[in-house]
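The values are calculated or read from the model by the stated rules, or taken from the named source; none is laboratory data. Not measured: the values here are computed from a predicted model. Cβ coordinates were reconstructed from backbone atoms using ideal geometry, including for glycine residues, and neighbour counts include every protein chain displayed.
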């Protein structure tokens, strides 16, 4: 079956700096894949290319949501990438702080709404029904991530862990086939991290969403991932199962002796 996401020879230059160097990576249907590497390896640059924030200098980004014919999405704008079925979270949380938790999730549903400007202005029956469905669906998603009781709270008043959950909820609201998580455990305490692992597993199994994550918490990576890709200086240096990656000599060298079991 064709992977849901493929990067082929993906290269990204910033002036004289090559942030991505002929990177090959793929994510299969119903798979959890981790992308790891030292700081500055190019991981977030890869995410930014895939989600339309950067247009790669060369190479191909291909998607196949249903495992059929691939579609090239190089240079597609971020909102169009979301409409295609890829959603992401960010290392630095990006919520609408003055909006409620429910409103943040409803914004995620916007790309799946059919009502246009006239419908919004004149409030016809179809528009009202669609908005009611958005509210209902958003409440279900909040329940799934464990923060439904906070629906009416402003996002800025949530705890750090709850804000992370809200960002994931907003991403799920777009109905993605692929969820990209950029350091979802950053700043979390051990209990919050454990709860995050359980949440990601539940989303993966119940929603049948493929997941690609960047993470420095190697215990989380080794626990969750089916496969792992390792980057250093913009290049892929290894790929394989957690067991294969754990003792890979190039990975150990890239981390300068860091204990990847930590």
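When residue 84 is tested against the conditions (1) closer than 30 Å to residue 188 by Cα; (2) free of Cβ contacts under 8 Å to residues at least 24 places away in the same chain; (3) surrounded by 15 or more Cβ atoms within 10 Å (Cβ to Cβ), the lone failure is (1). Residue 31 passes every criterion in (1) surrounded by fewer than 21 Cβ atoms within 10 Å (Cβ to Cβ); (2) farther than 24 Å from residue 245 by Cα; (3) touching a residue at least 60 places away in the same chain (Cβ under 8 Å) apart from (2). Would you check if residue 48 is free of Cβ contacts under 8 Å to residues at least 40 places away in the same chain and either crowded, with 16+ Cβ neighbours inside 10 Å or under 15 Å from the mean Cα position of the chain (by Cα) (or both)? For residue 48, the condition - free of Cβ contacts under 8 Å to residues at least 40 places away in the same chain and either crowded, with 16+ Cβ neighbours inside 10 Å or under 15 Å from the mean Cα position of the chain (by Cα) (or both) - is met. For the range 1-28, filtered to residues that are outside any strand (DSSP E or B) and touching a strand residue (DSSP E or B) at 6+ places or on another chain (Cβ under 6 Å), the residue that is surrounded by the fewest Cβ atoms within 10 Å (Cβ to Cβ) is 3.
For the condition modelled with pLDDT under 95, touching a strand residue (DSSP E or B) at 6+ places or on another chain (Cβ under 8 Å) and either crowded, with 22+ Cβ neighbours inside 10 Å or part of a helix (DSSP H, G or I) (or both), residue 41 qualifies. Residues that are in a loop (DSSP other than H, G, I, E, B) and either within 25 Å of residue 183 (Cα to Cα) or at pLDDT below 95 (or both) are absent from the range 131-143.
Kindly establish whether residue 9 is in contact (Cβ under 8 Å) with a residue 60 or more places away in the chain and closer than 28 Å to residue 250 by Cβ. Judged against the criteria, residue 9 is not a match. Is it true that residue 99 is more than 30 Å from residue 27 (Cα to Cα) and either surrounded by fewer than 16 Cβ atoms within 10 Å (Cβ to Cβ) or modelled with pLDDT of 90 or more (or both)? Yes, satisfied. From the list 78, 65, 56, the lone residue that is assigned by TED's automatic domain parsing to the domain that holds residue 218, at pLDDT below 95 and in contact with a helix residue (DSSP H, G or I) (Cβ under 9 Å, 6 or more places away or on another chain) is 65.
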